[in-house]
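*Asks:* Let me begin by handing over the structure; questions about it come next.
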C-alpha cells in the first residue's frame, strides 16, 4: 500500500483535519500548543535540577496556564442555554468527577505505601485541590461564577450592564485570599477566564487589531521574562518594597506585571502560530486542541525520571504527550464507561 494513502487512512481514522462546523480553528491551535507547553513544563519541573527556577520552565509557565484558562473562558457563551443548576451539574460531571477519579489513580500509583488512607487523602484533596489536578477544580469555580453572572444578566435583562458586572466579578475575585478549597487559584486565574469571554465577545475587534497586540507582545515579553519567577515575586520586587514601603503599591505593580507578562506571552505564541498557519504542524495542533483536558488529566501516568540532558527532557515530554494522546483515543474516548468516569463525558 502506498505510504501516503496509509498515512491518510490513519488521519481519517483519528479524524485529523476534521473539525466541527463553527469552531474557531486558531483557538483550537492555541489550545493544542498550550497543552504541549504544559506537558513540557511538568517534564522540566520534575527532572531539571533547578525545577521551577529553570528558564526552560519559566519561559512557558509565565503564560501557559493563564492562556489555557483564557481559552476555556472563550467558549462560556455556548453554554448559556443551560440553567444555573443544569450548568453546575454538567460541569461537575465534566471536571469534578475526573478530578477525584484521577486522584484515586495517582494515589494507587504513587501513594500505595502511604499511611494516610484513601478517604482521608481525598478529603484533604478537596480542602487543598492544588495537591491534585488543580486546573480542573479552578476551571470549575471560574466557569460557575462567570456563568452565574452571565445568567443573572439574561434573567434580569441587564444586557447593557453585562461588561460592568463581569468586570466587577473580576475585581471581587481578587479578595479570595485563602488556600482552602482552591480559592487561591480562583483568585489568580478568574481574570484570565473572564478575559476569554471578552475575547470571544469582541473577537472581530481583537482580530482586526492583532498586529498591534503582536508588536507590543514581541517587544515586551523578553524584558518582562527576565524578572519572572514562578513561585516568588519578580526579581525587582525588593526595589519596589524599598521605594513604596508598606503602602501596598508594590503588590499592585506586581499584579499588573504578572498580567502583562502573561498576555504578552500569549501574543507572542499567537503570532508565531500565524506564521505557520499553512503547515501540517498547524493542522496537527488544531486537532490536538480537541483533546487538551484529556491529555492534561492523563499525561502524568507516563512521566518518568531522566538525566538533566535536553534531549532526554524532550524524550520524556514526547512520551508523556503521545502516551496520553494514545490512551485518550484508544481507550478513554472509545468506551462509554471510560468517557464518563475518566473524562466526565456522557457522549
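Just so you know, all these numbers are worked out from the coordinates, no wet-lab data involved. This one's a predicted model, so the numbers in the text were calculated from it and none came from an experiment. All Cβ positions, even for glycine, are placed from backbone atoms using ideal geometry, and neighbour counts span all protein chains on display.
*Asks:* Please verify whether residue 208 is crowded, with 16+ Cβ neighbours inside 10 Å and without any contact (Cβ under 8 Å) to a residue 24 or more places away in the chain, treating the condition exactly as stated.
*Replies:* Values: crowded, with 16+ Cβ neighbours inside 10 Å: no; without any contact (Cβ under 8 Å) to a residue 24 or more places away in the chain: yes.
No; evaluated as a whole, the condition is false for this residue.
*Asks:* Another question about this same structure. Which is under 29 Å from residue 273 (Cβ atoms), touching a residue at least 40 places away in the same chain (Cβ under 8 Å), under 20 Å from the mean Cα position of the chain (by Cα) and surrounded by 11 or more Cβ atoms within 10 Å (Cβ to Cβ), of 213, 228, 198? Before the answer, list the steps.
*Replies:* Details: 213 fails: under 20 Å from the mean Cα position of the chain (by Cα); 198 fails: touching a residue at least 40 places away in the same chain (Cβ under 8 Å).
On inspection, the qualifying residue turns out to be 228.
*Asks:* Then there's this: Checking residue 105 against (1) within 26 Å of residue 87 (Cα to Cα); (2) part of a helix (DSSP H, G or I), which test does it fail?
*Replies:* Unmet for residue 105, out of (1) within 26 Å of residue 87 (Cα to Cα); (2) part of a helix (DSSP H, G or I): (1).
*Asks:* Pairs under 7 Å by beta carbon, first residue free of Cβ contacts under 8 Å to residues at least 12 places away in the same chain in the range 233-255, partner surrounded by 12 or more Cβ atoms within 10 Å (Cβ to Cβ) and assigned to a helix (DSSP H, G or I), six or more apart or different chains?
*Replies:* Note: pairs meeting the criteria are 241/250; 244/250.
*Asks:* I'm told residue 223 meets every condition in (1) buried (at least 16 other Cβ atoms within 10 Å of the Cβ); (2) free of Cβ contacts under 8 Å to residues at least 24 places away in the same chain except one. Can you identify the failing condition by its number?
*Replies:* (1)
*Asks:* Please determine whether any residue of the range 238-246 is within 30 Å of residue 53 (Cβ to Cβ) and not in a helix (DSSP H, G or I). Outline the logic, then answer.
*Replies:* Applying the first criterion (within 30 Å of residue 53 (Cβ to Cβ)) to the range 238-246 yields 238-246.
Adding the requirement that they be not in a helix (DSSP H, G or I) leaves 245-246.
Yes, the range 238-246 has at least one match.
*Asks:* Go through (1) under 16 Å from residue 84 (Cα atoms); (2) under 22 Å from the mean Cα position of the chain (by Cα); (3) without any contact (Cβ under 8 Å) to a residue 12 or more places away in the chain for residue 148 and report which single condition fails.
*Replies:* Of the numbered conditions (1) under 16 Å from residue 84 (Cα atoms); (2) under 22 Å from the mean Cα position of the chain (by Cα); (3) without any contact (Cβ under 8 Å) to a residue 12 or more places away in the chain, the odd one out for residue 148 is (3).
*Asks:* Out of the range 297-306, which residues are surrounded by fewer than 21 Cβ atoms within 10 Å (Cβ to Cβ) and touching a residue at least 60 places away in the same chain (Cβ under 8 Å)?
*Replies:* 300, 301, 303, 305, 306
*Asks:* Examine the range 124-137 for a residue that is within 22 Å of residue 86 (Cβ to Cβ), crowded, with 19+ Cβ neighbours inside 10 Å and without any contact (Cβ under 8 Å) to a residue 60 or more places away in the chain, and state whether such a residue exists.
*Replies:* Step one: list which residues in the range 124-137 are within 22 Å of residue 86 (Cβ to Cβ), which gives 136-137.
Right, trim to crowded, with 19+ Cβ neighbours inside 10 Å and you get 136-137.
Then keep just the ones that are without any contact (Cβ under 8 Å) to a residue 60 or more places away in the chain; that gives 137.
For the range 124-137, residues within 22 Å of residue 86 (Cβ to Cβ), crowded, with 19+ Cβ neighbours inside 10 Å and without any contact (Cβ under 8 Å) to a residue 60 or more places away in the chain: present.
*Asks:* Within the range 219-236, count every residue that is assigned to a helix (DSSP H, G or I) and out of contact with any helix residue (DSSP H, G or I) (no Cβ under 6 Å at 6 or more places or on another chain).
*Replies:* Our first condition is that a residue be assigned to a helix (DSSP H, G or I); within the range 219-236, this holds for 219-226.
Applying the additional criterion that residues be out of contact with any helix residue (DSSP H, G or I) (no Cβ under 6 Å at 6 or more places or on another chain) yields 219, 222-223, 225-226.
Selection size over the range 219-236: 5.
Listed here are the residues, each with its yes/no results for (1) in contact with a helix residue (DSSP H, G or I) (Cβ under 6 Å, 6 or more places away or on another chain); (2) part of a loop (DSSP other than H, G, I, E, B); (3) within 30 Å of residue 89 (Cβ to Cβ); (4) touching a residue at least 40 places away in the same chain (Cβ under 8 Å).
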position: 258; (1), (2), (3), (4): no, no, no, no
position: 288; (1), (2), (3), (4): yes, no, yes, yes
position: 295; (1), (2), (3), (4): yes, no, yes, yes
position: 316; (1), (2), (3), (4): yes, no, no, yes
position: 320; (1), (2), (3), (4): yes, no, no, yes
position: 326; (1), (2), (3), (4): no, no, no, no
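*Asks:* Take the conditions farther than 23 Å from residue 193 by Cα, in contact (Cβ under 8 Å) with a residue 60 or more places away in the chain and either in a helix (DSSP H, G or I) or out of contact with any helix residue (DSSP H, G or I) (no Cβ under 9 Å at 6 or more places or on another chain) (or both) and apply them to residue 97. Does it pass? Write out each step before concluding.
*Replies:* Working: farther than 23 Å from residue 193 by Cα: no; in contact (Cβ under 8 Å) with a residue 60 or more places away in the chain: yes; either in a helix (DSSP H, G or I) or out of contact with any helix residue (DSSP H, G or I) (no Cβ under 9 Å at 6 or more places or on another chain) (or both): yes.
So residue 97 fails the test.
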